[in-house]
Amino acid sequence: MNTFDKIVGRGLDVCAFLLFGLSLAIPSGYSYGSVGLLLFAILGCKVLWQQKIKYPTLALVGLLLWMGLLWWLSFDGWWMWAKTDNGMKYALAALTLAVVAVWGVSRQAIQGGLAFGALAALGVAFYQFKVVGWWNPALGYTNSIQFGGIAVFMGLACWCFALFGKQHSFMQALMWLAGACGVSAALLAGTRGAWVVVPLLLLVMLYLALRNGLGRWALGAGFVAVLLGGGAVLLNSENFEHRIALAVAEVQQYMHSPQQAAETSVGHRLEHWRVVIRMIAEKPWTGWGAEGVMEGKKDLVAHGLAHPSVVELGHAHNEILDMWSKRGALGLLSLLVFYMLPLCLFWPTKKRLMQVHDAFRADALSLRTAASLLPLAYFGYGWTQVFFAHNSGNMFYLFGLVVFWAGIQQIERKSDKS
């Protein structure tokens, strides 16, 4: 390996670390690692002509290009463009993925970035919530929903490395601690949508632990997770209980009097969902278009069939309903594939793990498990928030896919050489 190749390889590792490490630590923190990955990918793009790209990588590249085009089109008419720069973001992410997948990213850089990112998330949340004295849900440098969702994912991903990876006791303890910090940051953010997804992700981790002969470790890890999670809840018990009680109360208010409760947090979502489901029923195949949905909502409000709050946002507070209402059945199917294809490629099947040399099997299992949580988490978050309507949601998912896939590819190449 020549000096240039070493520089590109090290640069990609540093940028992968920064992607996760800075995502919630500073304003637009996810952009620094993403831009760095893109720049080093451009420097190292010679590999596209030197090596054959694998079909799974091509499938992911094609998916990113397709989704970028889908969000770029407004579906209000033939070749009408939506007011978004997602097309460019997704195209650049696709280029980055194609190149970085060939170069690879180290497991250590990914693990270290997630740990630093989770620790930093709690630092930011604690500072905003306690030191500054806001006494409101911590916003980070984006908003509380995005902040909490990304923090939870990084925390649980750290637990994946603690549970499945073979490493020194100190590093294992550090990953457990970092995971607890990520979960605690989400609690301080008050993001109930993220809390609901945590049990699903923990069940996935438990299932994979049992399937891979880690039953005793899984029970011990579950006990540790309960202790750490309980401590996190106690750290913010008053806010946690208040947010849960408030959600229950707002559901009851909406069921009793929808129009009066439509301006509450939960009632606002329920009203959006009711209106959008009604609109989907009218145009389930073609959708209304990005602008057409807003016009349809305004018409319903004008006729007294919807609360005026539904026109305050450009999305439906539900990823699936939002895509379906705007871009019809094609958009709905594409969004589901956007979750499912990465999950299928990341999933740690027995066949994939057995193809990896014994020395790298624990790394492959921990990395694939953490990677699998990303599309699962976004799918869960999407039921109460449109993550892809925000720059943080798009960038973290896109370049998270890039980094995880590159890490998996590097482990498999190292295994083949052993």
- Note on the structure: Taking first residues from region 303-330 that are acidic (Asp, Glu) and second residues anywhere that are assigned to a loop (DSSP other than H, G, I, E, B), the pairs with Cβ under 6 Å that are 6 or more apart or on different chains are 319/382; 319/386; 322/315; 322/316; 322/386
- Read through the list (1) farther than 18 Å from residue 95 by Cα; (2) touching a helix residue (DSSP H, G or I) at 6+ places or on another chain (Cβ under 8 Å), then give the number of the only condition that residue 11 fails. (1)
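Being of a type in the set (Ser, Thr, Tyr), closer than 27 Å to residue 7 by Cα and surrounded by 17 or more Cβ atoms within 10 Å (Cβ to Cβ) narrows it down to one residue among 106, 74; which is it? Reasoning before the result, please.
Values: 74 fails: closer than 27 Å to residue 7 by Cα.
Residue meeting the stated conditions: 106.
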- Message: Can you go through 140, 113 and tell me which one is of a type in the set (Gly, Ala, Ser) and either within 19 Å of residue 16 (Cα to Cα) or in a helix (DSSP H, G or I) (or both)?
- Response: 113
- Item | Selection from region 199-215 of residues that are crowded, with 19+ Cβ neighbours inside 10 Å and within 18 Å of residue 150 (Cα to Cα) | 201, 205
- Task: Output yes when any residue across region 387-404 is at pLDDT 95 or above, of a type in the set (Phe, Trp, Tyr) and closer than 24 Å to residue 417 by Cβ, and no when none is.
- Result: yes
- Task: List every residue pair whose Cβ atoms lie under 8 Å apart, where the two residues are 6 or more positions apart in sequence or sit on different chains, the first residue falls within region 204-219 and is hydrophobic (A, V, I, L, M, F, W, C), and the second residue, located anywhere, is modelled with pLDDT of 70 or more and surrounded by fewer than 18 Cβ atoms within 10 Å (Cβ to Cβ).
- Result: 218/210
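From 66, 49, 71, which residue is assigned to a helix (DSSP H, G or I) and in contact with a Lys or Arg (Cβ under 9 Å, 6 or more places away or on another chain)?
Numbers: 66 fails: in contact with a Lys or Arg (Cβ under 9 Å, 6 or more places away or on another chain); 49 fails: in contact with a Lys or Arg (Cβ under 9 Å, 6 or more places away or on another chain).
When all the criteria are applied, what remains is 71.
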- Query: Taking residue 417 and the conditions (1) more than 30 Å from residue 27 (Cβ to Cβ); (2) surrounded by fewer than 18 Cβ atoms within 10 Å (Cβ to Cβ); (3) in contact (Cβ under 8 Å) with a residue 24 or more places away in the chain, which numbered condition does it fall short on, given that it satisfies the others?
  - Reply: (3)
- Among the residues of region 19-46, which ones are part of a helix (DSSP H, G or I) and either among the hydroxyl-bearing types (Ser, Thr, Tyr) or on the phi > 0 side of the Ramachandran plot (or both)? 30, 31, 32, 34
- Here are 301, 310, 293, 337: which of them is open to solvent by less than 20 Å² (accessible area, probe 1.4 Å), farther than 13 Å from residue 74 by Cβ and assigned to a helix (DSSP H, G or I)? 310
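Only one of these is under 20 Å from the mean Cα position of the chain (by Cα) and at pLDDT below 95: 140, 117. Name it. Don't jump to the end; show me each part of the working.
Values: 117 fails: at pLDDT below 95.
Going through 140, 117 in turn, just one is under 20 Å from the mean Cα position of the chain (by Cα) and at pLDDT below 95: 140.
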- For residues in region 74-94 being at pLDDT below 90 and assigned to a helix (DSSP H, G or I), which is nearest to residue 388 (Cα to Cα)? 86
- State all residues of region 8-28 that are closer than 18 Å to residue 150 by Cα, open to solvent by 40 Å² or more (accessible area, probe 1.4 Å) and not aliphatic (A, V, I, L, M); if no residue qualifies, say none. 17, 27, 28
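Starting from residues that are among the β-branched types (Val, Ile, Thr) and touching a helix residue (DSSP H, G or I) at 6+ places or on another chain (Cβ under 8 Å), keep the ones in region 109-134 and report whichever is surrounded by the most Cβ atoms within 10 Å (Cβ to Cβ).
Restricting attention to region 109-134, the residues satisfying the condition of being among the β-branched types (Val, Ile, Thr) are 110, 124, 131-132.
Within this subset, residues satisfying the condition of being touching a helix residue (DSSP H, G or I) at 6+ places or on another chain (Cβ under 8 Å) are 110, 124.
Numbers: 110: 28, 124: 22.
Applying the filter and picking the extreme gives 110.
The values are calculated or read from the model by the stated rules, or taken from the named source; none is laboratory data. Here the structure is a predicted model, which means the values were calculated and not measured. Cβ atoms come from the backbone with ideal geometry, glycine included; neighbour counts cover every protein chain shown. The area values use the complete protein model at the heavy-atom level, side chains included, leaving out ligands, DNA and RNA. Shrake-Rupley method; radii C 1.70, N 1.55, O 1.52, S 1.80 Å.
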